[in-house]
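Each value in this text was obtained by applying a stated rule to the coordinates, not by laboratory testing. This one's a predicted model, so the numbers in the text were calculated from it and none came from an experiment. All Cβ positions, even for glycine, are placed from backbone atoms using ideal geometry, and neighbour counts span all protein chains on display.
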Amino acid sequence: MAHSFTPPSEQALDGSAERLKRIRAGLGKRHARERRFRALGIAAIAAALGFVAILFSMILYQGLPAFTQANLEVDVHFDPAIVKVAARPVRDAQQSSAEYQRALLDWERKVTMVNWNRVLEQSIKAAAPDFEIDTKSALSIVETSERFRLRDMFVADPGLLGQTVKVKMLASANADNWLKGNIDRSLPDTQQQLSPSARMLSDRFMEDGQMRFAFAWHIFTNSDSRSAPASAGLAGAFIGSLYMMLVVIVLAVPIGVMSAVYLEEFAPKNKFTDFIEVNINNLAAVPSIVFGLLGAAVFINYFRLPLSAPLVGGLVLTLMTLPTIIIATRSALRAVPPSLRQAALGIGASKTQTVFHHVLPVTYPGILTATIIGVAQALGETAPLLLIGMNAFVAQIPGSPLEPSSALPVQIYLWQGNENRNFFEARTSAAIIVLLGLMLMLNAIAIFLRARLERRK
Amino acid sequence: MHMPTDKIVPQSDLYSRESTTARTPDENPLPVRVKARDVSVFYGQKQALFDVSIDVPEKSVTAFIGPSGCGKSTFLRCLNRMNDTIEGCRVSGLIALDGSDIYDPSLDPVELRARVGMVFQKPNPFPKSIYENVAYGPRIHGLARSRSDMDAIVESSLQKAGLWSEVKDRLHEAGTGLSGGQQQRLCIARAIAVSPEVILMDEPCSALDPIATARIEELIDELRQNYTIVIVTHSMQQAARVSQRTAFFHLGNLVEEGPTDLIFTSPVEKRTQDYITGRYG
């Protein structure tokens, strides 16, 4: 035999020393493996955080400037030479209500016919009396919606006639671009959006302090606008999204939770319920645009629900959210320890009482989390909404879920495609910030509620 | 205690048959509360219990002993039809409570479980207040007419379970915040709050320390005055301490059943002898 022979006693002694040596030799390797694994984990987290940081800083960098916009404060003189309308009708004793309304409407129509652009032009020119500027250039400095504001001011208070009041007017998108440096100042005149005189006057107003940057509240209060892009806001899309979320919560939560409870607790376990389960899991993976097609075919073509309505959007998003809620609720129910069910059944609670008094309340935190995640997902969904007409340009804030509306993510999509790139690039990022802020809020609410529900246990 | 006036005697001739298992005669037998004849249980294709026949006398403690997997818990769960909730479980034979078949299709298992209460291996109070834990049973069965009625039921149940003095100042705190032994006594209070006739206990002390165990054993001895108790236990000492009758199960068969002192001192069957002397188990 080739190997050496050692007496048994010595072998045992050697053996234990040898064993320890072997364990120690391996130990270094094992620790090294652990260190490598940890380093990989840290690297993965760092990479993920890095990408998130890049994304967020990009969005914030681009979007935050859009929350301030240039405003021009000028004296507006309601010149009787231009505002040539009769006095506002006063209701006299013989007049019926309808007659008075008709007269009032007639008066308002006449007020609208007044050349408000001329009032605007005069105010701008008066702010820089020594500056030579043509009408078109002067008017291009302020947003086109401002003339309607002057009209509305006058309708509300006809006593303004002949008066001079200070009005803070929104600068046009082009002026805003110029002042913020969003457009290259060295570009030749042919490639500039504003005429040379308008540019110079804007700069001068800025130096004088008549033009100032102020927080753009109208982003939250105005609806989308194409003719006056500087005044475009998110309010319409926000309300549209809000209606959709309400529809989703009202429909998806009860239907989803009840289906999950039935499937998990009451349904017989057979081929048919297996088939349903497989299909629910498949539904969760169906691309959202398919739900949009379904919504267009069923809700709009068959049930004749209105196009672009948040109700239809909400129904489509409900279909999309249902599988998420069902799957999460089922796994929450499955995680309830059997001892709780036994406890309830053991003292003679019926199946339904067991489920609704004891099992379901324990799963509330899970259901809540699933609901908020589902709703947040639905809130950010764009593709299915495009197919049911919610990408239409809607300039009013919807008064009900049946009125046409846009939605926040769709608004982002629409602004992203706007021709006035310089202005809307920042606007798009601003809308993204609002949407992300909303998501963060939803998630914060979810965490808060879950913590509260779990503490109650 | 509720005593049925119209005893429905099952038509099956199984009922009138004497239990063949009891080999040791009892000197002064108590009236029989639960009667089982030829009970077999199947989980799917697998038979877990083979033709078990036993008489459970009232106002006494009957202990089921035997090695793990011998079918004692399975049989216990047949007595209040908790096996119904297990998928693929089938029970044959006859089990009668006060002379009426509990597997009668016209009998609602919910009603049965109000008459046959159960305490489980692991304390499993509801994640609710102590008061709610006890009040839940009487509430769903409509046993309390008023708020003060319910307060009285809760108090007397907790008192019977020997927990009242420990929790009377914190009735509205979570039941899950109690210690293990207190939780188990809360579960006993919860079971007796619906005034059952029979209480089934499935290894009620296996998750408790020796002091809590002693407390529960004392309690079981007190409860015997008013209730018929069936207890499954792994501990032969416990069976010897608390029970008046003992049944030994092995491999799904009821091997031997009789007065506890006789089973432990002079068992008839060799398998019983081997088990209680620790030769296997």
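Which of B:PHE126, A:PHE56 comes first, and how do the rest follow, when ranked by fewest Cβ neighbours within 10 Å? Provide the component values of the computation, followed by the final result.
Values: B:PHE126 24, A:PHE56 12.
Lowest count first: A:PHE56, B:PHE126.
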>> Between A:LEU104 and A:GLU419, what is the label-point separation in nm under the 7 Å Cα-to-beta-carbon projection?
In response: 3.9 nm
> What area, in nm² and to one decimal, does the C-alpha convex hull of the stretch A:17-64 cast on average over all directions?
Replying inline: 3.2 nm²
>> Run the helix sum for chain B: -39,500 (n - 2.57) per DSSP H stretch of 4+ residues, divided by residue count, reported at 222 nm to the nearest 500 deg cm²/dmol.
In response: -9000 deg cm²/dmol
>> Explain nothing, just compute: Karplus ³J(HN,Hα) = 6.51 cos²θ - 1.76 cosθ + 1.60, θ = phi - 60°, for every residue of the stretch A:409-415 in order, whole Hz, x for Gly and Pro.
In response: x, 5, 4, 4, 4, 5, 5
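Holding the Cα-Cα limit at 23 Å, pick out from B:LYS122/B:LYS160; B:LYS59/B:LYS270; B:LYS128/B:LYS168; B:LYS128/B:LYS160; A:LYS351/B:LYS128 the pairs that are longer than that.
B:LYS59/B:LYS270
More than 18 Å apart: what percent of Cα pairs in the stretch A:69-216 qualify?
Numbers: 6497 of 10878 pairs.
Of all Cα-Cα distances in the stretch A:69-216, 60 percent exceed 18 Å.
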> Say we join alpha carbon atoms closer than 10 Å with springs in a Gaussian network model of chain B; which of B:GLU217, B:GLU87, B:GLU132 then has the biggest fluctuation?
Replying inline: B:GLU87
> If one computes the Cα centroid of the stretch A:422-448 and of the stretch A:370-404, what distance in Å separates the two points?
Replying inline: 15 Å
> A:LYS84: which aspartates and glutamates have alpha carbons under 20 Å from its alpha carbon, excluding same-chain residues fewer than 8 sequence positions away?
Replying inline: A:ASP75, A:ASP106, A:GLU108, A:GLU121, A:GLU146, A:ASP152, A:ASP157
> Given H placed on each backbone N at 1.01 Å, which residues far from A:ALA216 in sequence or on other chains put an amide H within less than 5 Å of it?
Replying inline: A:THR68, A:GLN69
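Going by C-beta contacts inside 10 Å, put A:VAL290, B:VAL119 in order with the fewest on the left. Display every interim value, and only then the final one.
Working: A:VAL290 15, B:VAL119 26.
Going from least to most buried by this count: A:VAL290, B:VAL119.
In whole Å and largest first, what semi-axes does the C-alpha gyration tensor of chain B yield when each eigenvalue is scaled by 5 and square-rooted? Intermediate values should be presented prior to the final figure.
On the way: eigenvalues 186, 101, 59 Å².
Equivalent ellipsoid semi-axes, largest first: 31, 23, 17 Å.
Could you list A:PHE67, B:PHE50 in order of exposure, starting from the residue whose Cβ has the fewest other Cβ atoms within 10 Å?
Working: A:PHE67 18, B:PHE50 14.
Sorted ascending by nearby Cβ count, the order is B:PHE50, A:PHE67.
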> Any idea how far apart A:THR164 and A:ASP152 come out in nm if each label point goes 7 Å out from Cα toward Cβ?
Replying inline: 2.6 nm
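Apply 1/(1 + (r/R0)^6) to the Cβ-Cβ distance of A:ILE289 and A:LEU60, taking R0 = 35 Å, and write down the FRET efficiency to the nearest 0.05. Before the final figure, lay out each step's value.
Numbers: r = 30 Å, r/R0 = 0.85.
E(calc), rounded to 0.05, equals 0.75.
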>> For a quick check: with amide H placed at 1.01 Å from N, whose amide H comes under 5 Å from B:VAL52's, ignoring anything fewer than 5 positions away on the same chain?
In response: B:ASP38, B:VAL39, B:SER40
> Taking each residue of A:335-346 in turn, how many C-beta atoms of other protein chains fall within 10 Å of its C-beta, and what is the average?
Replying inline: 6
> So, in nm, how far is label A:HIS31 from label B:THR265 when the simple model puts each one 7 Å beyond its Cα toward the Cβ?
Replying inline: 6.6 nm
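Can you pull the semi-axes for the protein assembly as shown, root of five times each eigenvalue of the Cα gyration tensor, sorted largest first, whole Å?
Values: eigenvalues 1295, 264, 106 Å².
They are 80, 36, 23 Å, listed from largest to smallest.
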> Which angle from 0 to 90°, rounded to the nearest 10, does the C-alpha axis of helix B:210-223 make with the longest principal axis of chain B?
Replying inline: 80 degrees
